[in-house]
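The values are calculated or read from the model by the stated rules, or taken from the named source; none is laboratory data. Since the model is a prediction, treat every value here as computed from it, not as a measurement. When we count neighbours, we look across all protein chains shown, and the Cβ atoms used for this are built from the backbone with ideal geometry, even at glycine. The protein model used for the area step is the full one, side chains on, heavy atoms only, and it has no ligands, DNA or RNA in it. Shrake-Rupley method; radii C 1.70, N 1.55, O 1.52, S 1.80 Å.
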Amino acid sequence: MEQEPGQDPDDDGPSGPQPGDASPGPGDAGLSGDAPSSASSDPASADAGADSDDGVSVFGPWDALEGTLGAAREREELLSGFASGGVWDKRAPGPELSAAVARAAGEGWRCAGAAGEELVGLLRAVAALQSWAGAGLLGMIRALIRDGDMSCLGRPRHGGLPDEWDDSLVHEIALALAVSAPSAARTAQAAWELGARLPGVELLLRDGTLDLPRARLVTEVFGELSDEDCGRAEELLLPELTAPPRKTCTQVERIATAIAAAVDPELAERRREAAERHRSRVAVFREASGAAGLSGRDLPVDETLAAYASLDARARQYRDSGAFPKERLDRLRAAAYLDILNGLSAGARIACGHLSSDAAPETGPGEVPDDDAPEDDGPAGDERLAEGPGSGGSDCPCDECDGRCTPHDDSDFGDGGPDDDSDFGDGGPSGPSGPGGSGNGGGPGHGGPKGGSGPPAAGSGRPSGGTGNAGLQGGGASGGGDRDRRGNRDGNARAGDDSGRTSPAPRSPFLKPPSGPPPALTDLVLPLATLLGHGGRPGEGHALGTLDPALCRALAATATLSPDTALCVTVTDPGGIAIGHGCAKTGRPGRLARPPGGPAPPLVALPARINLTITAAGLARLRAQPQTGPPGPPRAGWALDRHGAGPPAGSVARARGTALTRRSPRPPGDPDWCGPWTLTVPGGLQLTVHLEPVPTYDCDHRNESHAYKPNATLRHLVQIRDHSCTFPPCSRHARDSDFEHAVPYDQGGRTCACNAGARSRRCHRVKQSAGWNLTQPQPGWHQWTTPRGRTYTQGPHRYPV
């Protein structure tokens, strides 16, 4: 009788396994560790090997075991194919390799059972598949370029590809890939170059020799070569790229640049001169560490080297002074760089005895005592307006304008003003894409809620437009459209002393009095709870991203030293969506009240536009706080006091932080937090903030304009609600964007928050081009439909609170 697997040859008893019985097979020893013994005296073991009515043992049916063993053998063979020289190691990337990698890697990409050599083979295979997928992505973009081409336009062509395409296509690609429009333009340009002029490089991308970033590098280096020179350069490049070992991105760029210079010796000079003329800029950005970066890009070489020599000399002066022992020269250069730009003398830094990011000594060299602190009363009614042309700085991190942000008004742009002609974004040129959309001409700048445009008036010393945020030095206009310089929106006279003069915020004794045009204001969103010590919640800066709580407090302290700083308060729902807002107006004057032995003030002041955020629930808790007792000694840091209907005597001198105090009943029908409040900043300066609803979720049309252009209040509240351009991939600040009607005004659209949104000039033009549709299902939610039928929705900005 044929012996079944697992049967003891010396045991013919009825207890042994019989033909057809389910019993462990020879492979089970490898699966479980030990082969079961039929001679075991353990009753449980005997039961385990016994027959069962359904022919199934604890090891499962024979069919399942055989399938498992077969799968294990198949998997072993599959993994061996990824070893060096194996069948999958040599396979070109494609659907078959993708399926094999998925089977070999298994669930969760754990690659169970794979040896080290096989793991490396799987890694190389996945990298090759990435390149293959990148080639597919560019192929789809070329298909879109062909699909959008209209033969009636008679555009020049390279092979089957038109040489030009419009911004509508670029923005549709940006939405599909969730990238900025300039990034989408560069990807489209790379797709065109590889399909039209660099077919050999495209094949290297398809077969996995190059990945998408390396292929894009080649297209950027060769992009300005003539067709003939580009062909010669590719012939020289291909052997370099295919020769082992594989090249890094840096190596690919160096090889391609050397070849481009060889075939066109004048190319490098043309590129350098064009960059200095058209792309020179200064960029501020957030480092991965959370620190800031400030970089001059595409600058003239001689002047840049001279500037570096100057700051290096300043750094060595710091080192030789002995005031900064054991400091790295690199850090001293960084300090010198900032000091020179901030107009701080070397003597002031050395006398200070510490660098900017270090803790200041309690009594710094040259510090002026509180009683002798200089106070510079500004002229009566002097306004420090926060916005207007030129106030936004020369750099914008919006990936939209390459640092040339210019605010504009709505859709017709009929005055022929400056236009957003950026084709460069934050990288190379966008390529042969033509002008986007149907927008016509540029219009005047309208930077703030006042809708001011054009350059500052001669001799005025200030821009013609503004946000309505009052600077800390003097009285500013309110955020409302019907608020004038002499009174508040509700008719109350300006709070302050009898003369209407106000004192500036305290300033460092090292600072010079402000002169010349007002400085650009850094946009900071700071949770009020963080400044009050009620929680450690991060803030955000438009150019810097997330700001940790300690940095929020440090920036707020430095900003309150600047007489140009503007303040406002935004009320949010629990999710951070703005539902109320008020801009600060001049209030009671105060002065610095630093406790004895406290830290010295910073050497520089930060002119900023500070938006203090607080939830409606936080405001309710504020209103519920009990009355404070008699004023005590000045407290270090920030504080929040509620004084009922108005601040008691002495509260200005006592306040060291921010106080938000309810002043009068709310207007009928508004939430209970609406109405005037008093904001007290460090130094005791008190400002009036009139909180009113932001048209989010619903709209009562209270600020609707019956004209084409919005009033100042409507413009500003839409900017606060949207915060940035409402095209989903675009991050240009709303203040530097157009106020734009979703349904055009000439087609019956209302000039109201429920039909308006912030749109950068470029996105504004695209929205007006053929095939695009934009609606607002509810105020603050902007629904974009592309010419090819895809719909994308952008909701209101979520503020940190």
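On the accessible surface of segment 132-183, probed at 1.4 Å, how many percent belong to carbon and sulfur atoms? Working shown, then result.
Working: 1360 of 2290 Å².
Carbon plus sulfur share of accessible area: 59 percent.
Can you give me the three principal axis dimensions of segment 151-191 from its C-alpha atoms, in Å, biggest first?
Each principal axis gives a Cα extent; for segment 151-191 these are 31, 19, 13 Å.
Restricting attention to the alpha-carbon atoms of segment 200-259, what are Rg (one decimal) and Dmax (integer), both in Å?
10.4, 30
Taking H placed 1.01 Å from N in the peptide plane, check which residues at least 5 places from Gly683 or on another chain put their amide H under 5 Å from its amide H.
Ala593
Return one whole number: the accessible area per residue of segment 229-364 in Å², for a 1.4 Å probe. Write down the numbers at each step before the final one.
On the way: 8210 Å² over 136 residues.
Accessible surface, normalised per residue, equals 60 Å².
Kirkwood Rh over Cα pairs of segment 92-245 into Stokes-Einstein at 37 °C, 0.692 mPa s: D in µm²/s?
Values: Rh = 17.1 Å.
This corresponds to a translational diffusion coefficient of 192 µm²/s.
What net charge is computed for the residues neighbouring Ala529, neighbours being all others with C-beta under 13 Å from the C-beta of Ala529, Lys and Arg scored +1, Asp and Glu -1?
Details: positive: Arg537, Arg553, Arg621; negative: none.
Overall, the nearby charge balance is +3.
May I ask for the Kirkwood hydrodynamic radius of segment 128-177, worked out over all distinct Cα pairs and given in angstroms to one decimal? Working shown, then result.
On the way: mean 1/r = 0.0836 Å⁻¹.
Evaluated on segment 128-177, it is 12.0 Å.
Put +1 on the Cβ of every Lys and Arg and -1 on every Asp and Glu Cβ in segment 679-759; which of Ala756, Pro729, Pro693 then has its Cα farthest towards the positive end of the dipole?
Pro729
If you wrap a convex hull around the C-alpha atoms of segment 665-801 and split its volume per residue, what is the figure in Å³?
Numbers: hull volume 18.6 nm³, N = 137.
Hull volume normalised by residue count: 135 Å³.
So how strong a dipole does segment 717-801 carry about its Cα centre when Lys and Arg Cβ are +1 and Asp and Glu Cβ are -1, to the nearest 20 debye? Working shown, then result.
Details: 12 positive and 5 negative charges, 49 e Å.
With Lys and Arg at +1 and Asp and Glu at -1, about 240 debye.
Can you tell me the mean projection area, over all orientations, of the convex hull of segment 749-801's alpha carbons? Units nm², please. Walk me through the numbers on the way to the answer.
Details: hull surface 18.3 nm².
Taking a quarter of the hull surface, the average projection is 4.6 nm².
Expressed as a whole percent, how much of the Cα-Cα distance distribution for segment 82-125 exceeds 13 Å? Working shown, then result.
Details: 447 of 946 pairs.
When all Cα pairs of segment 82-125 are counted, 47 percent exceed 13 Å.
Go through Arg297, Arg186, Arg328, Arg759 and list them by solvent-accessible area, largest first, probe radius 1.4 Å.
Working: Arg297 110, Arg186 35, Arg328 145, Arg759 0 Å².
Per-residue accessible area, sorted high to low, gives Arg328, Arg297, Arg186, Arg759.
Looking at segment 256-297, I'd like the Rg to Rh ratio, where Rg is from alpha-carbon atoms and Rh is Kirkwood's inverse mean 1/r. Mind showing how you got there, number by number?
Numbers: Rg = 15.3 Å, Rh = 12.5 Å.
Computed over Cα atoms, the ratio is 1.22.
Shape of segment 256-344 from its Cα gyration tensor (a ≥ b ≥ c, root eigenvalues): rounded if a/c is under 1.5, otherwise prolate when a/b > b/c, or oblate? Let's see the in-between values first.
Working: a/c = 2.50, a/b = 2.13, b/c = 1.17.
Here segment 256-344 falls in the prolate category.
For a bin width of 10 Å, list the pair-distance distribution of segment 704-761 built from all Cα-Cα distances, rounded to whole %.
Percent of Cα pairs in each bin: 28, 55, 17, 0.
Once phi is turned into θ = phi - 60°, what whole-Hz ³J(HN,Hα) does the Karplus curve with 6.51, -1.76 and 1.60 give for every residue of segment 745-754, x standing for Gly and Pro?
Computed from phi, the couplings for segment 745-754 are 4, 6, 10, x, x, 7, 8, 8, 4, 6 Hz.
Over the alpha carbons of segment 157-236, what is the largest minus smallest coordinate on each principal axis, giving the biggest first in Å?
37, 28, 20
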